[in-house]
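One structure below.
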Amino acid sequence: MGHDLTGSSGNIVVSWERFCEGSGFLLSMGSKWSRFYRKMTALGFEGSANKIGVGVVTLDGTILSNPRHTYITPPGQGFLPRETAQHHLQHVLPLIRSALETAQVSAKDIDCLCYTKGPGMGAPLQVAAIVVRVLSQLWKKPIVAVNHCIAHIEMGRIVTGADDPVVLYVSGGNTQVIAYSEGRYRIFGETIDIAVGNCLDRFARVLMLSNDPSPGYNIEQLAKKGEKFLDLPYVVKGMDVSFSGILSYIEGTAEEKLKNNEFTPADLCYSLQITERAMAHCDAKDVLVVGGVGCNVRLQEMMRTMCSERGGNLFATDDRYCIDNGAMIAYTGLLAYAHGMPTPLEESTFTQRFRTDEVLALWREKEPRNLNGVMKEST
Amino acid sequence: MTEITVFQSRRWRLVSPSDLEVDYMSEDNARIVYTALAVDKELQPDKVKRQMSVIDGKLLVHFEAVEARFLRASFSAFVDVLTLATKTIEEFGQGMEL
């Protein structure tokens with residue numbers, strides 16, 4: 001479906017926003033205007049890993065609701081695709097109702113339905129895709145497929161106000177250093193084997209730590225009590241990093257050295273080196289940390305030091321936004337939709353592998369910057 | 001009928017109830033489920049075949065597999081998403097009010 005200006009009142013508002021672009025008019029008029037005209041609104045679904053989330057967001061980045069439910073496995077166990085999908089199946093429909101009720105919107109207020117296309121685990125991804133395809137037909141609303149990594153970046157940018165940062169994306173499934181250049185988010189460095197969060201999660205299993213609220217959080221709490229520092233065999237190859245060696249080593253030696261080592265910081269600093277190189281490469285000053293591991297306070301401290309040494313700022317979000325959620329999918333999907341990029345239903349597939357640089361980030365080229373100003377929400 | 005042929009022995013010729021029929025009593029709803037589920041193809045098309053059709057408000061699904069275990073895995077996963085699609089219609093279909 002195209003983006004026609006003769007359609008619903010929502011579409012007219014967009015043209016108005018574009019008209020006001022750069023004038024700053026919307027900044028002063030925004031709240032009054034929205035009383036009469038609805039803002040473009042999206043419903044977003046995230047289910048690529050062990051969290052299922054549904055969020056309602058408007059184009060200015062206001063999060064109207066963002067409920068989620070996490071599949072927590074017993075200590076010593078990770079989450080497997082089938083069981084995780086079962087978890088999502090049980091929770092997705094109540095979450096939709098909760099998201100709509102909290103946001104006080106109904107189907108008629110929604111402009112588009114956004115879902116995570118990938119990357120992630122196949123069976124859990126399918127849950128969100130199926131629901132969106134059914135709702136799209138019931139409510140006669142267009143679908144927008146969203147790249148999970150890009151959703152983290154866009155959510156981080158709108159929440160922190162970071163304009164054009166180098167992005168460190170660290171989570172259970174991904175470790176990438178990303179910067180925007182000429183229409184796409186380019187990957188400057190990444191892990192060549194497992195993600196840093198995967199390394200942490202699996203280490204937590206060795207220690208039989210609780211997975212509630214997350215294994216990474218519990219490692220961090222434990223690491224605060226650590227005194228001795230253990231040298232770990234880290235690997236940096238060119239612009240890429242590797243964590244599997246660290247995991248093997250720590251698994252092998254955990255038994256005896258368990259008590260005193262402080263694992264977290266030693267591990268995380270290597271992705272930091274790559275970020276620093278990417279910053280030098282792009283001549284960027286600011287860094288944005290996103291993804292589940294981005295909540296790690298020690299990592300944020302180290303990044304902050306590095307940024308200040310380079311005369312830049314560190315932008316990080318708290319656990320509401322850096323952990324997977326539906327709002328980030330809704331917001332990123334809405335950006336794509338507002339720039340005329342919906343996904344036909346028959347193409348609304350999901351895929352386990354979906355690289356960040358496959359997506360054309362059209363909205364970055366002609367971004368209504370004053371809108372960013374309106375939505376900026378400090379954390 | 002779904003036919004499972006066990007290759008090792010020709011005498012084994014399992015005919016199991018792997019034709020699935022769901023009566024939505026609504027052409028629209030059956031069509032919605034059909035369209036939602038038709039997007040995802042079978043992951044191993046050389047081992048499992050799935051054919052769907054909508055007739056008289058009913059969704060008909062026919063499975064064929066080269067081995068029982070492929071049929072079981074595919075059928076089980078399919079029933080999960082079929083149930084999800086159906087529940088989504090029940091919950092958010094016509095007359096949904098907030």
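The values are calculated or read from the model by the stated rules, or taken from the named source; none is laboratory data. Keep in mind that what you see is a predicted model, and the values were worked out from it rather than measured. Cβ coordinates were reconstructed from backbone atoms using ideal geometry, including for glycine residues, and neighbour counts include every protein chain displayed.
Values for this structure:
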{"item": "Positions within segment B:48-98 being part of a helix (DSSP H, G or I) and hydroxyl-bearing (Ser, Thr, Tyr), in sequence order", "result": "B:Ser74, B:Ser76, B:Thr83, B:Thr86, B:Thr88"}
{"item": "Filter pass, A:Val134 being within 29 Å of A:Leu200 (Cα to Cα), in contact with a helix residue (DSSP H, G or I) (Cβ under 9 Å, 6 or more places away or on another chain), hydrophobic (A, V, I, L, M, F, W, C) and assigned to a helix (DSSP H, G or I)", "result": "no"}
{"item": "Only one of A:Leu113, A:Leu100 that is closer than 14 Å to A:Thr41 by Cα and without any contact (Cβ under 8 Å) to a residue 60 or more places away in the chain", "result": "A:Leu100"}
{"item": "Unique residue being modelled with pLDDT under 90, aliphatic (A, V, I, L, M) and within 29 Å of A:Trp139 (Cα to Cα) when the list is B:Met52, B:Met25, B:Met1, B:Met96", "result": "B:Met96"}
{"item": "Residue list for segment A:120-131, filter: touching a residue at least 60 places away in the same chain (Cβ under 8 Å) and either outside any loop (DSSP other than H, G, I, E, B) or crowded, with 24+ Cβ neighbours inside 10 Å (or both)", "result": "A:Gly120, A:Gly122, A:Pro124, A:Leu125, A:Gln126, A:Val127, A:Ala128, A:Ala129, A:Val131"}
{"item": "Restricting segment A:91-119 to residues that are more than 10 Å from every other protein chain (Cβ to nearest Cβ) and closer than 22 Å to B:Thr86 by Cβ, the residue that is surrounded by the fewest Cβ atoms within 10 Å (Cβ to Cβ)", "result": "A:Ser98"}
{"item": "Any hit, segment A:148-159, residues being away from chain B (no Cβ under 14 Å), assigned to a loop (DSSP other than H, G, I, E, B), buried (at least 24 other Cβ atoms within 10 Å of the Cβ) and within 15 Å of the chain's Cα centre (by Cα)", "result": "no"}
{"item": "Which listed residue is within 13 Å of chain A (Cβ to nearest Cβ) and either surrounded by 15 or more Cβ atoms within 10 Å (Cβ to Cβ) or not basic (Lys, Arg) (or both), from B:Phe63, B:Phe92, B:Phe75", "result": "B:Phe92"}
{"item": "Unique match (being away from chain B (no Cβ under 14 Å), among the hydrophobic types (A, V, I, L, M, F, W, C) and in contact (Cβ under 8 Å) with a residue 60 or more places away in the chain) among A:Leu299, A:Leu314, A:Leu345", "result": "A:Leu299"}
{"item": "Tally, over segment B:35-51, of residues that are away from every other protein chain (no Cβ under 14 Å) and of a type in the set (A, V, I, L, M, F, W, C)", "result": "1"}
{"item": "From the options A:Leu43, A:Leu89, residue that is within 21 Å of A:Gly333 (Cβ to Cβ) and not polar (S, T, N, Q)", "result": "A:Leu43"}
